[in-house]
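The structure appears right after this line, and notes come after that.
Just so it is clear, none of the values below were taken in a lab; they were calculated from the coordinates. Everything quoted here is computed from the prediction, not taken from an experiment. Neighbour counts are summed over all protein chains in view; Cβ atoms, including those assigned to glycine, are modelled from backbone coordinates with ideal geometry.
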Amino acid sequence: MRDELKEMVDELLDMNGDITIAGVTFSRSYILRKLDPIAYRTLCVDMADSHLEDLRDDLSRLDPVIDFDEVEELKARIAELESI
């Protein structure tokens with residue numbers, strides 16, 4: 001899940017394209033990750049929190065008996081995100 005989360009953050013950062021400095025091109029995610037790893041990590045945590053909130057909302061709308069498989073899958077995904 002950590003890799004999946006980082007991919008989501010990278011996609012968010014990179015959606016406006018790369019940056020070229022003195023003829024060398026860098027992705028925005030690479031720049032933030034290397035120049036300010038704390039800000040990058042904070043963005044990952046914020047993304048995880050947002051994703052957790054969405055998953056919990058989805059879970060609250062399901063019937064634990066009728067939607068058993070989906071409920072179990074969401075619980076597993078929530079537990080995985082909470083461990084980050």
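What number do you get for the chain when its Cα radius of gyration is normalised by 2.2 N^0.38 Å, N = residues? Kindly include the intermediate steps, with their values, before the conclusion.
Details: Rg = 16.8 Å, N = 84, 2.2 N^0.38 = 11.8 Å.
Expressed relative to 2.2 N^0.38 Å, the Cα Rg reads 1.42.
Compare the peptides 43-49, 18-24, 61-67, 73-79 by average per-residue count of other Cβ atoms within 10 angstrom and give them in order, highest first.
On the way: 43-49: 15.4, 18-24: 8.1, 61-67: 9.9, 73-79: 13.9.
The packing order, highest mean first, is 43-49, 73-79, 61-67, 18-24.
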Residue-wise, which Karplus ³J(HN,Hα) couplings in Hz belong to region 40-51, taking 6.51 cos²θ - 1.76 cosθ + 1.60, θ = phi - 60°, and x for glycine or proline? 5, 5, 4, 4, 4, 5, 4, 5, 5, 4, 5, 5
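Between residue 27 and residue 54, what FRET efficiency comes out of the Förster formula 1/(1 + (r/R0)^6) with R0 = 25 Å and r the beta carbon distance, rounded to 0.05? List each step's numbers first, then the result.
Details: r = 26 Å, r/R0 = 1.02.
My answer for the efficiency is 0.45.
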Projecting the Cα atoms of 65, 20, 8 onto the charge dipole of region 2-82, where Lys and Arg contribute +1 and Asp and Glu -1 at Cβ, the residue farthest towards the positive end is 20
